[in-house]
Number of protein chains: 2
Amino acid sequence: MRLTILLFDGFTALDVVGGYEVLANVPGMEVEFAAAVPGVVTADTGRLGMLAYRSFDQLETTDMLYVPGGPGVSAALDHRALLDCIRRLDAASQWTVSICNGAELLGAAGLLEGKRVTTNWFARDKVAAYGALIEPARCHRDGKLVTAAGVSASIDAALFLAGLLAGEATARLIQFGIEYYPDPPFGNGSPDTEPEAAKSVLRRIEQAALERLAARDIPF
Amino acid sequence: MRLTILLFDGFTALDVVGGYEVLANVPGMEVEFAAAVPGVVTADTGRLGMLAYRSFDQLETTDMLYVPGGPGVSAALDHRALLDCIRRLDAASQWTVSICNGAELLGAAGLLEGKRVTTNWFARDKVAAYGALIEPARCHRDGKLVTAAGVSASIDAALFLAGLLAGEATARLIQFGIEYYPDPPFGNGSPDTEPEAAKSVLRRIEQAALERLAARDIPF
């Protein structure tokens, strides 16, 4: 089975790696990273670079399409080659996955009309505007479409998929292999329990990230 | 404050990115990735490449030294430039951090004699052999030394550090920002509760990863 992870400038690294670390350990899984052009793609902070070794236009099919989110999604919504690639790969994929506000890219590609999906809490309205029905869940499956909430939810969504692909015993081993018995030190705040003040601050941080991306000073 | 993450062939990606995603969001934090030579460094599966834009010998000091683990640690134990770099940066660091069996590298650099540390469960004996006292914890602090258990424990260790560096309110926001209200689907097995059979299988998988590394066929 082939897993194709799409990268774009300003992706959030943990959106990618949380799922990758689980799915790359599913027996028989081949992983490939693709971007508009092969080369290093920079994550949202501008300090982490990840290698894409295929370009979107080289991709015809895949078994599992994986679309991360991040502050870079806003600009990527205008990226025709990326949206074409998403549509093309989804047409024959066994699974189509989005993490965080990567769901907006699926929406912009026309894939979410009438679908039940989850996303990062701050992207719910934008995703709903593409005709999706929002499930305020950490991970949700609607047919072949599996969507995750923000960032670290990529781990849980990938474990859910690993269970479907390889069986519970193997997925449980993978979970143990990455020592995923988490212990968040600062409560267990979900978007439905954290106060509105925290959301306001995070929206400002998100805005700052967008401005940083627009004035990108990349060290490599 | 500067965070320096050391990369080496066969590192585990989530060891790096779990901590990076949290720490890069601490206000005022600058992040740099370094390796033996600048360029793309391949993670343990051989399919994920991450960019190092400084070399070990360019590094004189840092505020926070961050050493990930992975199957590549075995070979890295013989890597003099890496061990020299760890010793040099630790000498003046405010914080020295290891994730997973990255603790073995701190041990090989001579930094763990008499220290209380945690590590991946399968590396406990090896780390103890460097004179460390093993704490079977997800995250442990001994003075300026902060060590994490395997892979995803990097998130918890980094949140712990974020709380010390930026205060609880900010660290809590970061935790919410990465939507870390985890929900492991396959129980909450820790190395102290999972059965011995599971550990045997994982040790075989680790061995296979070492063999894959030795016969590396990198696509880029």
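The values are calculated or read from the model by the stated rules, or taken from the named source; none is laboratory data. None of the values given here were measured: they were computed from a predicted structure. Because the Cβ atoms are built from the backbone with ideal geometry, glycine has one as well, and the counts that use them run over all protein chains shown.
When the range B:134-153 is limited to residues that are at the interface with chain A (Cβ under 9 Å from one of its Cβ atoms) and not aliphatic (A, V, I, L, M), the one that is nearest to the chain's Cα centre (by Cα) turns out to be B:150. The selection criterion, being over 23 Å from residue B:16 (Cβ atoms), hydroxyl-bearing (Ser, Thr, Tyr), under 14 Å from the mean Cα position of the chain (by Cα) and within 12 Å of chain B (Cβ to nearest Cβ), holds for residue A:118.
Can you tell me which condition residue A:48 does not meet? The list is (1) surrounded by fewer than 24 Cβ atoms within 10 Å (Cβ to Cβ); (2) within 17 Å of residue B:40 (Cα to Cα), and all the others hold. Tallying (1) surrounded by fewer than 24 Cβ atoms within 10 Å (Cβ to Cβ); (2) within 17 Å of residue B:40 (Cα to Cα), residue A:48 fails exactly one: (1).
Scanning the range A:91-127 for residues that are under 18 Å from residue A:138 (Cβ atoms), touching a helix residue (DSSP H, G or I) at 6+ places or on another chain (Cβ under 6 Å) and part of a loop (DSSP other than H, G, I, E, B) yields a total of 3. Taking the range B:159-189 as the region of interest, how many residues are within 7 Å of chain A (Cβ to nearest Cβ) and of a type in the set (S, T, N, Q)? So the count comes out to 2.
Which one of the conditions (1) farther than 30 Å from residue A:194 by Cα; (2) under 21 Å from the mean Cα position of the chain (by Cα); (3) of a type in the set (Gly, Ala, Ser) does residue B:158 fail to meet, given that it meets all the rest? For residue B:158, the exception is condition (1).
Per-residue answers, yes or no, for (1) touching a Cys at 6+ places or on another chain (Cβ under 8 Å); (2) surrounded by fewer than 19 Cβ atoms within 10 Å (Cβ to Cβ); (3) of a type in the set (A, V, I, L, M); (4) without any contact (Cβ under 8 Å) to a residue 24 or more places away in the chain:
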residue: A:148; (1), (2), (3), (4): yes, no, yes, no
residue: A:152; (1), (2), (3), (4): no, no, no, no
residue: A:157; (1), (2), (3), (4): yes, no, yes, no
residue: A:161; (1), (2), (3), (4): no, no, yes, no
residue: A:169; (1), (2), (3), (4): no, yes, yes, yes
residue: A:173; (1), (2), (3), (4): no, no, yes, yes
residue: A:177; (1), (2), (3), (4): no, no, no, no
residue: A:182; (1), (2), (3), (4): no, no, no, yes
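Among the residues of this structure, residue A:78 counts as one that is modelled with pLDDT under 95 and more than 15 Å from the chain's Cα centre (by Cα).
Residues in the range B:16-28 that are more than 9 Å from chain A (Cβ to nearest Cβ) and modelled with pLDDT of 95 or more: B:19, B:23. The single residue among A:38, A:68, A:27 that is surrounded by fewer than 24 Cβ atoms within 10 Å (Cβ to Cβ) and touching a helix residue (DSSP H, G or I) at 6+ places or on another chain (Cβ under 7 Å) turns out to be A:27. Residue A:156 fulfils the conditions (1) facing chain B (nearest Cβ under 8 Å); (2) out of contact with any helix residue (DSSP H, G or I) (no Cβ under 8 Å at 6 or more places or on another chain); (3) more than 28 Å from residue B:123 (Cα to Cα); (4) assigned to a helix (DSSP H, G or I) except for a single criterion, (3).
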